[in-house]
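Down below is the structure, laid out as structure tokens.
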Amino acid sequence: MRRKMRQGGSALILVIGVVAALALLTTTLVMVTANVQGGTAADRTKTKSFNVAEAGLDSAIYTLGTAWPADAASPALGVDTAAFRLDFSTSEYPQPDNGEFIVVDAYDNLSPIDTSVHWDSNVDGIMWIESQAGVGDQSSRIRTQVQMQTIGITTLAPGVAVYSGGDGDKSGSGDITSPVDGVTGLPTAAVYIAGDFDESGSGDLSTINLYVGARGDEIPPLEMFMPDSVVQSLITASQIAQPTATPANTHSGEWRPAPGTYTSPIVVNGDLKITGSGNYVFGSVYVTGKVDISTSGDISFGALYVGGDLTFSGSSDLAWGPVYVEGDIDMTGSRNLNVTLIVGNGDIKVTGSGEIAGDGVGTDATPTTIISVGEDTEVEWAGSGNLYGLLCNMGGDIKHSGSGDIHGSVISAGERWWQTGSGNIVYDDDVINSLQRVAATSAKIVPDTWQEIKPL
């Protein structure tokens, strides 16, 4: 009789083995996934703390650039934690267990380091800025040395009412005037035209000295009045608006702020549009796109950087710090503008009835410098308002087509300077002397001093 072997239940053993293996793999996968997610969350939080610390550093650089601590009485630099409050999203960042904070400080570059000296005690124009930020259980601490820069138009020679590196065309009825020296009885200002001069208008030139290169007169080089080093310094001074900000102060697309006071640096990755009748007070504002301002309210900027075009109109009074515009500038309306420096890389056109700056005498506003540094650009003064200061184009022509007066100097490095309207060019020693005293201050990072250090 043949014996039969029983094999019932063998498949169950196989299934139990497979299930056990799958359970082990699942547990391993869960542990790996949890570890990866935990590591990713920690990395994100660490990155967030670093970004906030860097924003605090940038804010401090801007603050020192506008108010350098020159004596022991200067207030210690600090950043309000509430102003840098983070905007957490649980879908993107873990909610912090320990809250968030930022501490920013400035101290002199002494050896050994003494963090209790919050002013430039050795008067070398260099200080340390340190910023530490915490997000959740992560913190970052960075520091760098910064150096004060003072930029003034000290090279602008007194007595230059108009300088044209090319031709001159005076077809309007506007005058070009200057005081007469009380000793010699001669005019104190000159008009320099490097090329031809076409005078077909009715304006008065009797109180200026006229020099025309085409007729053999000696014309000093433009470098004597506006050296490349000064132009570059003006560009640097106009670009002090900070390119980074905390997440709560960073906006994308078109940002339309509500009226109010914004003390912390703001970055707009897009366009900025301000309309209505409210009042606005900004510190540093950095916009990658265009800026369109049309309001009857008062607006002030500590510093403004515009990556596109700048257009503003309305009847508001404007008080601005240094301004840099990568595109074109179109200024119109009846607003009065108190600004020390506007640098544009495109065309600049001014219309309307608003007045810009003052002669700097007594309590009057300080003069301004408006300069285009781009190639093949045109600067046009076409309104009925008055300008006090320097109107300059280093890469193109200047056209004076309106009825408003220019009190100060006009410098054109392009092919032609035009005066086609009824507006006058009035050389004024008070304006020029005040312009030379105007010093735009900024702070820049000292190369090779940036450090990431261990958090306290």
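The values are calculated or read from the model by the stated rules, or taken from the named source; none is laboratory data. Small disclaimer: the values here were computed from a predicted structure and weren't measured. Because the Cβ atoms are built from the backbone with ideal geometry, glycine has one as well, and the counts that use them run over all protein chains shown.
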Name the one entry in Ser372, Ser409, Ser384, Ser401 that is surrounded by fewer than 18 Cβ atoms within 10 Å (Cβ to Cβ) and modelled with pLDDT of 90 or more. Ser384
Where a residue in the range 325-341 is more than 19 Å from Leu390 (Cα to Cα) and its partner, wherever it lies, is hydroxyl-bearing (Ser, Thr, Tyr) and assigned to a loop (DSSP other than H, G, I, E, B), with Cβ under 7 Å and at least six apart: Gly333/Ser315; Ser334/Ser315; Ser334/Ser353; Arg335/Ser315; Arg335/Ser316
Return the pair list, or none, for Cβ contacts closer than 7 Å from residues in the range 209-228 that are assigned to a strand (DSSP E or B) to residues that are modelled with pLDDT under 90, at least 6 apart or on different chains. Asn209/Pro187
Flag for Ala241 being assigned by TED's automatic domain parsing to the domain that holds Val426 and surrounded by fewer than 16 Cβ atoms within 10 Å (Cβ to Cβ): no
When you look at Asp430, is it touching a residue at least 60 places away in the same chain (Cβ under 8 Å) and in the same structural domain as Glu223 (by TED's automatic domain parsing), yes or no? yes
Where Leu77 falls short, out of the listed (1) crowded, with 22+ Cβ neighbours inside 10 Å; (2) at pLDDT 50 or above; (3) touching a strand residue (DSSP E or B) at 6+ places or on another chain (Cβ under 6 Å): (1)
Considering only the range 325-333, I want to know if a residue exists there that is farther than 24 Å from Asp430 by Cβ, out of contact with any Pro (no Cβ under 9 Å at 6 or more places or on another chain) and of a type in the set (Ser, Thr, Tyr). yes
From the residues in the range 240-260 that are modelled with pLDDT of 90 or more and among the polar types (S, T, N, Q), which one is farthest from Tyr286 (Cα to Cα)? Ser252
Could you look through the range 387-398, keep only residues that are of a type in the set (A, V, I, L, M, F, W, C) and part of a strand (DSSP E or B), and pick out the one that is farthest from Ala190 (Cα to Cα)? Leu387
Listed residues Ser409, Ser384; which is closer than 19 Å to Asp169 by Cβ and hydroxyl-bearing (Ser, Thr, Tyr)? Ser409
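Residue-by-condition table, conditions (1) surrounded by 22 or more Cβ atoms within 10 Å (Cβ to Cβ); (2) in contact with a Leu (Cβ under 7 Å, 6 or more places away or on another chain); (3) within 23 Å of Ala60 (Cα to Cα):
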| position | (1), (2), (3) |
| --- | --- |
| Tyr286 | yes, no, yes |
| Gly297 | no, no, no |
| Tyr305 | yes, no, yes |
| Leu310 | yes, no, no |
| Asp347 | no, no, no |
Test: Trp418 is at negative phi, of a type outside the set (D, E, K, R) and touching a Lys or Arg at 6+ places or on another chain (Cβ under 7 Å): yes
Restricting to the range 399-424, give me the number of residues that are in a strand (DSSP E or B) and over 15 Å from Val379 (Cα atoms). 2
Would you mind stating whether Ala60 is loosely packed, with under 11 Cβ neighbours inside 10 Å and either at pLDDT 70 or above or not β-branched (Val, Ile, Thr) (or both)? no
